Every structure is written in C-alpha cells, then in structure tokens.
Amino acid sequence: MIVTTRFAPSPTGDLHLGHILAAKVARELARKSGGTFLLRHEDIDDTRVKEECYTRIEQDLQWLGLTWDGEPIRQSNRLEAYAAALHRIRELGLAYPCFCTRKDIQAEIGKILAAPHGSEALLYPGLCRDLDGLETKARIAAGEPHTWRLNSAKAAALHGEISFHDLRHGTTTAVSTMVNGDVVLARKDIGTSYHLAVVVDDAFQKVSHVTRGEDLLGATHVQRQLQAILGFPEPTYLHHALVRDENGIRLAKRDAAKSIRSLRQGGLPPAAILDMAAASE
Ligand code: GLU
C-alpha cells in the first residue's frame, strides 16, 4: 500500500509545538514506508486567515526539516469540489437548509433544557429539519441566509455500523450521526464546513493515513460517516497525544510564547524543537 499522509494547518497564526508534533508524526509515517507527505492549508474561514501565515508556516516547516512533497494545496481554491460534494449529499436527500441564527438555536435549547427530561437536548435541536419543501425553496429564492445540515437520522438509517481503525487506539465504532447531531455541511458565509472540506480533500489527495491530534477524535466519527455517504475510501487513522504546557494544558495558537518563531529567536536549534514536540508522543 502506498502511504500518503498530510499536515493540514490553518494559516491563522504561527505554528507552535503542537503543530510540529502533528507534522512530524505525519511525515515520519510516510517516510518510513517511502510514501508521500503532503501539506494542505485549511483556509476556508477567510475571516480568520492571515495572508502572511502561509509563508510563515512553510518557512517554519522548512527550517525544521519537515519538508513536504509536491505543491501545497489551499482549500480556498477548492470550493467547487466542496459544492459538488454538498450537491451529492443533497441529491441523496441527506441534507436540508437551515435558516436558524445562533440565537434561535440557543433559545430552543434553553426551552428544551427547562422542560422535564430535557437533558438530551445537546446539539442542534432540529428546528428546520422538517420544514415544508415549498417553503424552503421560497425562502432560498428570496435570498434568506441558510446553512446546509446533514439529516443525521436519515443518514444513520442508510448506513449500517461504521468503524475506523486507529494505529494507536485500535478499532472503534463510529458513533452514529444521530449522536453527533445534524452537523453543518455548509456554513452561511463560506458554503462549506471543516468536516466536508477535509473529507473531500483527504479523498482527492488519496490520503491513506489521517494523522492528527487526539483532540480531533470526535471529528473522525463525523468524517467517517461523510466518507460512507460520499462513497469515499476509508483511511487509517492515527490520533497522537497532544503537546501540553508545564501545567498540563494543551497548547493553543494564543500561546505565542511557544510559537516556533519565538523558540527559534530564543536560540533553540531545529533538533531541540523537534525533541520538545516529540516528548509527548
Ligand atoms: N486544520 C486542522 C487544524 O489546524 C487540522 C485538521 C485535520 O487534521 O483534519 O487543527
């Protein structure tokens, strides 16, 4: 089997040690078997993207010796592919438009929680799930902003049990889409979503092994369901441990002090930074 892995940062800030562990795990898995390591900029959320970050990310990776194969791709150039995938899910009758604002959803959840036995009201409460088809068409034609959501009950009924194999954690049954709720497939503003874009790109780039931090384990349950719906191949997974600070708190982009740039400015050489990242592996 040809192993293909990818590192998929969002160009919204500088890379930190957590990213470096993710890149390193992906690159080593590919290199071990003479496979391919790809770089993908996940830049669909243009409200958060910072133009200078594409180059800064690539420079940091190169400085650390975490070089990739081929040209990096940008999700912002692939909106048509995501629209085509959404179209397919809609044709299968597994997506519906949702006109709710965040406030509508909060209010509905509040009502359900206040009611007896309301604790199962966890995710999207399904306000737009059963809207009349003619009404939704008219609202769309009138230009009313809407997202597209997965009809999770229908999707779960169509696909039997779905699982995924993780090289660290073994085989897990993906929790049904009904547990994840009617996830957003296409946001109002950008016409796609993280889950949809990742699934489409992992298939397009023939990623055989999806490696990423274990904070994204939940996403894998959703993404396996979308792969099944779209008829995409099942990748193998590797969810690695997260890099934590001295207090055990997961590193995040806002921890500028732990950015690769600041460590480099502090005089640390690439090998020391790679070791620091790998310490939590
Ligand atoms: N873009 C995501 C991040 O920066 C990674 C997504 C993935 O690996 O699936 O956390």
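The values are calculated or read from the model by the stated rules, or taken from the named source; none is laboratory data. All values derive from a computational prediction rather than experimental measurement. Quick reminder, even Gly has a Cβ in these numbers, built from the backbone with ideal geometry, and neighbours come from all protein chains shown. Only protein heavy atoms, including side chains, enter the accessible area calculation; ligands, DNA and RNA are left aside. Shrake-Rupley method; radii C 1.70, N 1.55, O 1.52, S 1.80 Å.
Summary of computed values
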| quantity | calculated |
| --- | --- |
| Any cysteine of the chain lacking a neighbouring Cys Cβ under 4.7 Å - listed by number | Cys53, Cys100 |
| Kirkwood hydrodynamic radius (C-alpha pairs) into Stokes-Einstein, the chain, 20 °C and 1.002 mPa s, D in µm²/s | 105 |
| Charge dipole magnitude, Cβ of K and R +1, D and E -1 - the chain, Cα centre, debye nearest 20 | 120 |
| Angle between the chain longest axis and helix 194-204 axis [Cα atoms, degrees, rounded to 10] | 60 |
| Length-normalised contact order for the chain - Cα pairs under 8 Å, 6+ apart - percent | 25 |
| Angle in degrees between helix 52-63 and the longest Cα principal axis of the chain, rounded to the nearest 10 | 40 |
| Thr67-Ala279 pseudo-label distance in nm [points 7 Å out on the Cα-to-Cβ vector] | 2.9 |
| Summed residue charge, Cβ within 13 Å of Asn77's Cβ, Lys/Arg positive, Asp/Glu negative | -3 |
| Given Lys154/Lys206; Lys24/Lys188; Lys50/Lys258; Lys137/Lys188, the pairs whose alpha carbons are separated by over 23 Å | Lys154/Lys206; Lys24/Lys188 |
| Solvent exposure of the stretch 122-281 as accessible area per residue, Å², 1.4 Å probe | 49 |
| 0 to 90° range, to nearest 10: angle between helix 17-32 axis and the chain longest Cα axis | 80 |
| Surface share of carbon and sulfur [accessible, 1.4 angstrom probe, percent] for the stretch 131-281 | 56 |
| At R0 = 25 Å, FRET efficiency that the Cβ-Cβ distance of Arg139 and Arg48 yields, to 0.05 | 0.30 |
| Ala157-Ala272 pseudo-label distance in nm [points 7 Å out on the Cα-to-Cβ vector] | 6.1 |
